[in-house]
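S.K.: To start, I am sharing the structure in question, which I have written as structure tokens.
Values in this text are rule-based calculations from the coordinates and carry no lab data. Remember, predicted model here, so these are calculated numbers, not experimental data. Reconstructed Cβ throughout: ideal geometry from the backbone, glycine too, with neighbour counts over all protein chains shown.
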Amino acid sequence: MRLMLMLVLAAGEWLQVTLPTLGNPNTIGADDEEHGDDDFNPAATATSSSLTYEMAGMFTPYAVGKQGPTQSTRKLGTSVGWEQKCERHRQQERSSLHGLQRQLANPSLSINDRRRVEVQLVETLKGMYKRQQEALINDEIEREQKRCMSMRLEQSDMGKARLKRQFHSEREQYRGQIERIKEECSMALAATMAKFNMLR
């Protein structure tokens, strides 16, 4: 017979379970007599169980420092700040584009509150469009650095001429894409501001 630690998820506790040894059934009794309960080593079993769970990508209480505490390892009564976390999540949801649009759909919203939400929605759109354009420009900067590196590594004049034509075509393509998206963002922002009567 051998002892094994098993995790009871409902209680969050580890229990010692006696399991029969696989092999010849006639040797089970002899194995019990040869290896009693006094030979059980909890530390060795814990280490073996920890390695088994870690190899399987599962949580083990012996790696709390690496994987972080969970409900099964946290002491009862420990403050985890669920209310603060939920409030931050609700605040992020309210300030998101979807949350602002949902607030505007509320017919009971007062005039002042509606104007405040409209201004906040326009500012959110401005930030979103700005980040989108900055991402496109940063991608083009990275591509330009790779083009310069390829030109320096190319030795033959024919190869440099070919790369020059290729890179010129790519620059025109991405420049047109950036300008088109910039214009679309400006038109979408202007349409939203016109909808809220913010254009003068």
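S.K.: Give the peptides 142-154, 79-91 in descending order of average Cβ contacts within 10 Å, highest first. Mind dumping the intermediate values first?
M.R.: On the way: 142-154: 12.0, 79-91: 9.8.
Ranking, from highest mean packing down: 142-154, 79-91.
S.K.: Where the only charges are on Cβ atoms (+1 Lys, Arg; -1 Asp, Glu), what is the dipole of region 110-200 about its Cα centre, to the nearest 20 debye?
M.R.: It comes to approximately 100 debye.
S.K.: Using 0.36 nm per residue of separation minus the Cα-Cα distance, give me the extension gain between Leu153 and Phe196 in nm, one decimal. Before the final figure, lay out each step's value.
M.R.: Working: separation 43, 0.36 × 43 = 15.48 nm, distance 5.45 nm.
Between Leu153 and Phe196, full extension yields an extra 10.0 nm.
S.K.: Same structure again: Farthest toward the dipole's positive end in region 118-195, which of Met187, Leu163, Leu121, given Cβ charges of +1 (Lys, Arg) and -1 (Asp, Glu) about the Cα centre?
M.R.: Leu163
S.K.: What is the fewest-to-most order of Leu121, Leu136 by other Cβ atoms lying within 10 Å of their Cβ? Don't jump to the answer; show the numbers that get you there.
M.R.: Details: Leu121 19, Leu136 15.
Least crowded to most crowded, the residues run Leu136, Leu121.
S.K.: Right, something else. For the pair Gln84 and Gln133, what calculated FRET efficiency results from E = 1/(1 + (r/R0)^6), where r is the Cβ-Cβ distance and R0 = 35 Å, to the nearest 0.05?
M.R.: The calculated FRET efficiency here is 0.50.
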